[in-house]
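First the structure, in the form of structure tokens, and then the observations on it.
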Amino acid sequence: MADFDNRLVRGAATTADTMDTGLRAHMLRVYNYMLAGLALTGAVAWATANTAFGQIFYNHVMTPNGTTILQPNILGWVAFLAPLGLTLLLSFRLQKMSFAAVQTSYWAIVALMGVQLAMILLIYTGASVATTFFVAAAMFGGMSLFGYTTGRDLTAIGSFLIMGVWGLLIAMLVTAFFPSTNSPAVSFAINALGVVIFTGLTAYDTQKIKQLYYYVGNGDAATAGKAAVMGAFSLYLDFYNMFLFLLRLMGNRR
């Protein structure tokens, strides 16, 4: 009887070790996808802002003060709207899509996000962009580590933060369509809330990715691969938005 109990304990320990090893490999895969996505976004943004490639999507316009700005043409507007369409496709068709199709959609979205980001690179100084990126990276790393290690269930906080995202979108639409409602104080409040919301979502999404692994980690390779890509996409969006809101708060315009 004692020998049987010992075998049960050893079996449980082996299973736990296997799951821990698999989880670390899964999270590394998620972060690799995310970092590769950010690198692709940055490369496309730089090429769009600084080379002839940008003329596919934008018209370069010189302002009276001598600053060059980008005005999107028809393809530029397509590049702005396509990520939303692809995101909706992933949301509603994920289970029926192949792993290759999910990967392709992810790379297409992050590349098109780079086309959008090019406008930001021309508005703010290079030093501001670099400084803000490193600040955002430090904040992201700290909150993602917290989400991975904490034993506290962040579901309730995550639901509240997701509601905050919708409120943030409504506030941004109101100020965009009714400029009279906008002011430095309102802009500061929106950007500060944006930083707080997406910083919190980083921890929540990291925990959710970790929890999801225990449901799909032992599944087929395609299912696990799609889970890794979608986990990377959620963290990518958290970092991207955190970076943009931080840049509006602390960035210096040209």
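Matching residues to (1) assigned to a helix (DSSP H, G or I); (2) among the aliphatic types (A, V, I, L, M):
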| site | (1), (2) |
| --- | --- |
| 60 | no, no |
| 64 | no, no |
| 88 | yes, yes |
| 103 | yes, no |
| 110 | yes, yes |
| 116 | yes, no |
| 122 | yes, yes |
| 128 | yes, no |
| 132 | yes, no |
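Is it the case that the range 154-165 has a residue that's closer than 24 Å to residue 252 by Cβ, in a helix (DSSP H, G or I) and touching a Gly at 6+ places or on another chain (Cβ under 8 Å)? I'd like the intermediate steps shown before the answer.
Start the filter on the range 154-165 by keeping residues that are closer than 24 Å to residue 252 by Cβ, which leaves none.
No: the range 154-165 contains no residue that is closer than 24 Å to residue 252 by Cβ, in a helix (DSSP H, G or I) and touching a Gly at 6+ places or on another chain (Cβ under 8 Å).
Would you check if there is a residue in the range 32-39 being at pLDDT below 95, outside any loop (DSSP other than H, G, I, E, B) and surrounded by 19 or more Cβ atoms within 10 Å (Cβ to Cβ)?
Filtering the range 32-39 down to residues at pLDDT below 95 leaves none.
Among the residues of the range 32-39, not one is at pLDDT below 95, outside any loop (DSSP other than H, G, I, E, B) and surrounded by 19 or more Cβ atoms within 10 Å (Cβ to Cβ), which makes the answer no.
Restricting to the range 224-254, count the residues that are hydrophobic (A, V, I, L, M, F, W, C), over 16 Å from residue 141 (Cβ atoms) and touching a residue at least 60 places away in the same chain (Cβ under 8 Å).
10
Matching residues to (1) buried (at least 17 other Cβ atoms within 10 Å of the Cβ); (2) in contact (Cβ under 8 Å) with a residue 12 or more places away in the chain:
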position: 55; (1), (2): no, no
position: 62; (1), (2): no, no
position: 65; (1), (2): no, no
position: 84; (1), (2): no, no
position: 88; (1), (2): no, no
position: 94; (1), (2): no, yes
position: 105; (1), (2): yes, yes
position: 110; (1), (2): yes, yes
position: 115; (1), (2): yes, yes
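Within 26 Å of residue 129 (Cβ to Cβ), touching a Leu at 6+ places or on another chain (Cβ under 8 Å) and assigned to a helix (DSSP H, G or I): does that describe residue 240? First the steps, then the outcome.
Working: within 26 Å of residue 129 (Cβ to Cβ): yes; touching a Leu at 6+ places or on another chain (Cβ under 8 Å): yes; assigned to a helix (DSSP H, G or I): yes.
When the stated conditions are applied, residue 240 passes them.
Among the residues of the range 1-23, write down those that are surrounded by 12 or more Cβ atoms within 10 Å (Cβ to Cβ) and at pLDDT 55 or above. Walk me through how you get there before you give the answer.
Restricting attention to the range 1-23, the residues satisfying the condition of being surrounded by 12 or more Cβ atoms within 10 Å (Cβ to Cβ) are 18-19, 22-23.
Within the range 1-23, 19, 22, 23 qualify.
Please determine whether any residue of the range 182-194 is touching a residue at least 60 places away in the same chain (Cβ under 8 Å) and either within 30 Å of residue 96 (Cβ to Cβ) or surrounded by fewer than 21 Cβ atoms within 10 Å (Cβ to Cβ) (or both).
Taking the range 182-194 and keeping what is touching a residue at least 60 places away in the same chain (Cβ under 8 Å), we get 187-188.
Subsequent filtering for residues that are either within 30 Å of residue 96 (Cβ to Cβ) or surrounded by fewer than 21 Cβ atoms within 10 Å (Cβ to Cβ) (or both) retains 187-188.
There is at least one residue in the range 182-194 that is touching a residue at least 60 places away in the same chain (Cβ under 8 Å) and either within 30 Å of residue 96 (Cβ to Cβ) or surrounded by fewer than 21 Cβ atoms within 10 Å (Cβ to Cβ) (or both).
Going by the structure shown, is residue 84 modelled with pLDDT of 70 or more, of a type in the set (A, V, I, L, M), out of contact with any Gly (no Cβ under 7 Å at 6 or more places or on another chain) and under 30 Å from residue 125 (Cβ atoms)?
yes
For the range 122-146, give me each residue that is buried (at least 19 other Cβ atoms within 10 Å of the Cβ) and either touching a Phe, Trp or Tyr at 6+ places or on another chain (Cβ under 7 Å) or modelled with pLDDT of 95 or more (or both).
Within the range 122-146, 132, 136, 140, 143, 144 qualify.
Which of the following residues is of a type in the set (Asp, Glu) and exposed (fewer than 13 other Cβ atoms within 10 Å of the Cβ): 220, 205?
Within the list 220, 205, the selection yields 220.
The values are calculated or read from the model by the stated rules, or taken from the named source; none is laboratory data. Note that the coordinates shown come from a computational prediction; the quantities given were computed from them, not determined experimentally. Please note: Cβ atoms are built from the backbone with ideal geometry, for glycine as well, and neighbour counts cover all protein chains shown.
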